[in-house]
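The values are calculated or read from the model by the stated rules, or taken from the named source; none is laboratory data. In this text, all values refer to a predicted model and were calculated from it rather than measured experimentally. Note that we place each Cβ from the backbone using ideal geometry, even for glycine, and neighbour counts take in every protein chain shown.
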Amino acid sequence: MRNPFLFFVFLQFLLNTISDTMYRTHTCGELNAANIQQTVTLCGWIQKIRHLGGMIFIDLRDRYGITQLAFNHETRPELCAQAEAMGREWVIQVTGQVIERYSKNKNIPTGDIEIDVETLKVLNKSLVPPFTIEDVSDGGDELRMKYRYLDIRRRPVKENLIFRHKLGLEIRKYLSEQGFLEIETPFLVNSTPEGARDFLVPSRMNPGEFYALPQSPQTLKQLLMISGMDRYFQIVRCFRDEDLRADRQPEFTQIDCEMSFIEQEDILQMFEGLVKDIFKKFKNIDIEPIERITWADAMKYYGSDKPDARFGMRFVELNDLLQHKDFKVFNEAELVAGIKVDGCGNYSRKQLDGLVEFVKSPQVGAGGLVYILCNADGTFKSSVDKFYDQADLKAVAERCEAKAGDLILIMSGKAMKTRKQLGTLRLEMGDRLGLRKAGEYKLLWVIDFPLLEWDEETQRFYAMHHPFTAPKPEHESMLESDPGAVNANAYDLVINGSEIGGGSIRIHDQELQKRMFKALNFTEEQAQAQFGFLMNAFQYGAPPHGGIAFGFDRLCAVLSDCDSIRDFIAFPKNNAGRDTMLPAPTPIDPKQLEELYIDIKPIPNGK
Ligand code: ASP
């Protein structure tokens, strides 16, 4: 086409044809004063209809924002009649001119303009939604979950999903730049009885046999290391059939990672880098080098393997100071320990009784609580004044570094149990005093976990992390003689008292792996039957390797100062493990069961 004029006409024709067939020229979130006088076409959902004098105003919403539409009774009476017949959540398409708004809305990016609507087309009607699609909805949890597709139209939920997407993108970018490859592993795998319960999937083609959905791709990522893939990651769904708590879901997402030819230090450095990058990009916070604490110290000072270190209140052990008088409760205890609560020395009797009640509640399950009030005049008042004199109490106060006006809370009993109980009380006091501040982040690496955990009920050891975690080399020799004392090369990343990630250096030596299975009470046949595939693979040159997995849903929640991971999952399950929207689970057609040779026994009453 030599003639430039003809070319221009052709281009104009092309553009017209495209815009005729296009649903929209812009989204509802992008128009502003710079677009005034342009003719635009928008599509979206009706958020609100308002009548004001001779005008109708509609807030039109899509994923990107809200734009105000204006209909003038005087100049376009038919359009107004059409608009009046519409309702909330109808899907419409409008064309009109962008004009300056009379009363501007500074709170939204499109607040300076509105659309003087010239044509209007209803693309779809809607029933009246069961709850208001507003930032703060009138719908309860259950109702919003049942209509989750409507809930997602609400800005806070939608923004959580957008945040999740962006976080995932950044993680993929960061890890890819570090040479990690994202490799998918199967969802239909074998059942591994260690750990949580598996979700099982019957195999029609192999009657009587079952797949399991992976609790994590642990063994598969180790096999990828044996394959020589060197650095693997996957943002991957994991499935665990556990009883649910507020922050648990039967399916959840991990950022699963594994590396070869590394030691624990390499992993901590690599993933500290990832965490720093995330905090900088998403919170504009420069994270200091992450403090490390051993598992033993975490338990000793916080009574938890995931301490919320945003505030102090570290435990102080008091056995030597309080076991010399006639107070039987302390004398018989394995551990007497306390916390100092700043500025609560003026607690009333009622407040103190409230704390005693709290520790006796099933949530804590303690027998009682001893308190010492540090009075302004330097004297002390305690709940055990009968047994201890002022000098005794002063010694405790000094050990706790308490000053006048502080409160000391003391618990006692079996060491581990007391630590956990005091840990719960510590968090409660942190909450009451507003010390667990939103927007403040304290990160910790908890290291040197015990390799094994004794279970009283079954009278055997279980792997604290999983059976492939390596003991610390200097503890390897105790695996048979004193298994409970062996520490592992295992680590957790904790943010504000929430376990965000965990991993370990793996056993890559088949002899050591055999010893580990033995410590876990597996016969050689059992180990072969369950983990033969991995042990066989170890015979073909397994490199030293290790890894970590982060809870992606939880990371989203923590970064958003939110308690529930559900808010970051598009279609979550409720506390009974149900999706009330689909719904799932449901009984299955007997024909389908027949095909699978599955015979369901009658379900006992009350189950
Ligand atoms: N697979 C482990 C888990 O799910 C994490 C790891 O060791 O990498 O906890």
Exercise for review: Tell me which residues, restricted to the range 382-394, are outside any loop (DSSP other than H, G, I, E, B) and under 43 Å from the mean Cα position of the chain (by Cα).
Suggested key: Ser382, Leu393
Review point. Within the range 328-344, how many residues are in contact with an Asp or Glu (Cβ under 6 Å, 6 or more places away or on another chain) and either assigned to a helix (DSSP H, G or I) or farther than 20 Å from Phe387 by Cα (or both)?
Key: 2
Check your understanding: If Leu123 satisfies every condition in (1) among the hydrophobic types (A, V, I, L, M, F, W, C); (2) touching a residue at least 60 places away in the same chain (Cβ under 8 Å); (3) assigned to a loop (DSSP other than H, G, I, E, B) but one, which is the exception?
Key -> (3)
Check your understanding: From the list Arg240, Arg231, which residue is away from the ligand (no atom under 11 Å from the Cβ) and either among the basic types (Lys, Arg) or free of Cβ contacts under 8 Å to residues at least 24 places away in the same chain (or both)?
Key -> Arg231
Review point. Within 16 Å of the ligand (Cβ to nearest atom), buried (at least 17 other Cβ atoms within 10 Å of the Cβ) and without any contact (Cβ under 8 Å) to a residue 40 or more places away in the chain - does that describe any residue in the range 452-468?
Key: yes
**Study point:** Filter result for the condition that a residue is among the aromatic types (Phe, Trp, Tyr) and surrounded by fewer than 19 Cβ atoms within 10 Å (Cβ to Cβ), over Phe271, Phe233, Phe261, Phe315
**Key:** Phe261
**Study point:** Check on Ala488, more than 16 Å from the ligand (Cβ to nearest atom) and either of a type in the set (Gly, Ala, Ser) or without any contact (Cβ under 8 Å) to a residue 12 or more places away in the chain (or both)
**Key:** no
Exercise for review: Please go through the range 523-535 and pick out each residue that is more than 16 Å from the ligand (Cβ to nearest atom), closer than 23 Å to Asn489 by Cα and either in contact (Cβ under 8 Å) with a residue 24 or more places away in the chain or surrounded by fewer than 12 Cβ atoms within 10 Å (Cβ to Cβ) (or both).
Suggested key: Met535
Exercise for review: Select from the range 69-105 the residues that are among the acidic types (Asp, Glu) and farther than 12 Å from Phe57 by Cα and write down the one among them that is surrounded by the most Cβ atoms within 10 Å (Cβ to Cβ).
Suggested key: Glu89
Check your understanding: Which one of the conditions (1) among the β-branched types (Val, Ile, Thr); (2) modelled with pLDDT under 95; (3) within 13 Å of the ligand (Cβ to nearest atom) does Ile500 fail to meet, given that it meets all the rest?
Key -> (2)
Practice item. Return yes or no: is Leu220 aliphatic (A, V, I, L, M) and outside any loop (DSSP other than H, G, I, E, B)? Key: yes
Review point. How do the strands (runs of 3 or more DSSP E) wholly within the range 434-501 filter down when requiring 2 or more residues that are over 20 Å from Ile255 (Cβ atoms): which remain?
Key: 452-455, 460-463
Revision key, fill the gap. Of the residues in the range 354-399, those that are exposed (fewer than 15 other Cβ atoms within 10 Å of the Cβ) and of a type outside the set (Ser, Thr, Tyr) number 19
Point to revise | Pair list, Cβ < 8 Å and 6+ apart or interchain, from the range 563-583 residues that are surrounded by 15 or more Cβ atoms within 10 Å (Cβ to Cβ) to residues that are in a loop (DSSP other than H, G, I, E, B) and of a type in the set (Lys, Arg) | key: Ile565/Arg248; Asp579/Lys573
Review point. How many residues are within 16 Å of the ligand (Cβ to nearest atom) and farther than 8 Å from Val189 by Cβ when one looks only at the range 205-216?
Key: 2
Revision key, fill the gap. Scanning the range 289-315 residue by residue, the ones that are touching an Asp or Glu at 6+ places or on another chain (Cβ under 8 Å) and either assigned to a loop (DSSP other than H, G, I, E, B) or of a type in the set (Val, Ile, Thr) (or both) total 7
Check your understanding: So is Pro473 under 25 Å from Gln222 (Cα atoms), away from the ligand (no atom under 16 Å from the Cβ) and out of contact with any strand residue (DSSP E or B) (no Cβ under 8 Å at 6 or more places or on another chain) or not?
Key -> yes
Practice item. Within the range 247-267, identify whether any single residue is part of a helix (DSSP H, G or I) and within 25 Å of Ser560 (Cα to Cα), and answer yes or no. Key: no
Review point. Looking only at the range 73-113, which residues are farther than 14 Å from Gly44 by Cβ, part of a strand (DSSP E or B) and touching a strand residue (DSSP E or B) at 6+ places or on another chain (Cβ under 6 Å)?
Key: Gln97, Val98, Ile99, Ile113
**Study point:** Test result for Arg292, basic (Lys, Arg), under 18 Å from the mean Cα position of the chain (by Cα), away from the ligand (no atom under 13 Å from the Cβ) and under 25 Å from Ile447 (Cβ atoms)
**Key:** no
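Residues checked against (1) within 16 Å of the ligand (Cβ to nearest atom); (2) among the aromatic types (Phe, Trp, Tyr); (3) under 19 Å from the mean Cα position of the chain (by Cα); (4) within 30 Å of Leu425 (Cβ to Cβ):
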residue	(1), (2), (3), (4)
Asp561	no, no, yes, yes
Ile569	no, no, yes, no
Asn575	no, no, yes, yes
Pro585	no, no, no, no
Asn605	no, no, no, no
Practice item. Please specify each residue of the range 544-559 satisfying the condition of being within 16 Å of the ligand (Cβ to nearest atom) and surrounded by fewer than 21 Cβ atoms within 10 Å (Cβ to Cβ). Key: Pro544
